[in-house]
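K.L.:
Here it is: the structure, laid out below.
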């Protein structure tokens, strides 16, 4: 009888605590935007012609003014190209990249009226083999909660 009560108590505590595990999580959700897909395909073809291969890519649902952290492993001495494509209706696009010691190694900012508008692209050669965190953000005129964004990491192979 004592074992049954103990088991019931433990099970009850676990069931009560399950809802708290699901809160305060950042979850990446994909999205679909025909213009962004077309831009991504064009950029992939352009970089492929320059000897790059796609290492990672994802469409991500973003909220205006909130960073979407992306963690990627980079190898010392390899030449990488990172691309962020934001929603065309946003007015500001920024990407910050940090090394494992949380030192900012890249900062890029674009405004809606810029020639290449909603695309941020930069090359990077890491000094150490380690994880890097890339934080794209976009600010939308209407403070949208479901903005589409697209990130790509390419690596030079030729």
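K.L.:
Go over the candidates 96, 91 one by one and state the one that is surrounded by 12 or more Cβ atoms within 10 Å (Cβ to Cβ), under 20 Å from residue 60 (Cα atoms), over 17 Å from the mean Cα position of the chain (by Cα) and modelled with pLDDT of 90 or more.
P.N.:
After ruling out the rest, the residue left standing is 91.
K.L.:
Within the range 122-131, identify whether any single residue is surrounded by 15 or more Cβ atoms within 10 Å (Cβ to Cβ), in contact (Cβ under 8 Å) with a residue 40 or more places away in the chain and closer than 21 Å to residue 154 by Cβ, and answer yes or no.
P.N.:
Yes, the conditions are met somewhere in the range 122-131.
K.L.:
Can you tell me which of (1) surrounded by 16 or more Cβ atoms within 10 Å (Cβ to Cβ); (2) under 25 Å from residue 46 (Cα atoms) is the one residue 116 doesn't meet?
P.N.:
The one condition residue 116 does not meet is (1).
K.L.:
If you don't mind, there's one more thing I want to ask. Any residue at all in the range 141-158 that's without any contact (Cβ under 8 Å) to a residue 60 or more places away in the chain, more than 17 Å from residue 29 (Cα to Cα) and assigned to a strand (DSSP E or B)?
P.N.:
For the range 141-158, residues without any contact (Cβ under 8 Å) to a residue 60 or more places away in the chain, more than 17 Å from residue 29 (Cα to Cα) and assigned to a strand (DSSP E or B): absent.
K.L.:
When you look at residue 106, is it on the phi < 0 side of the Ramachandran plot and surrounded by fewer than 17 Cβ atoms within 10 Å (Cβ to Cβ), yes or no?
P.N.:
The answer is yes for residue 106.
K.L.:
Here's a follow-up. Which of (1) crowded, with 16+ Cβ neighbours inside 10 Å; (2) more than 11 Å from residue 70 (Cα to Cα) does residue 156 not meet, given it meets every other one?
P.N.:
(1)
K.L.:
On to the next question. Output the qualifying pairs, or none if there are none: Cβ atoms under 8 angstrom, residues six or more apart or on different chains, first residue in the range 103-114 and over 20 Å from residue 142 (Cβ atoms), second residue modelled with pLDDT of 85 or more and not in a strand (DSSP E or B).
P.N.:
Matching pairs, first to second residue: 105/99.
The values are calculated or read from the model by the stated rules, or taken from the named source; none is laboratory data. Small disclaimer: the values here were computed from a predicted structure and weren't measured. Glycine gets a Cβ as well: all are built from the backbone with ideal geometry, and neighbour counts include every protein chain shown.
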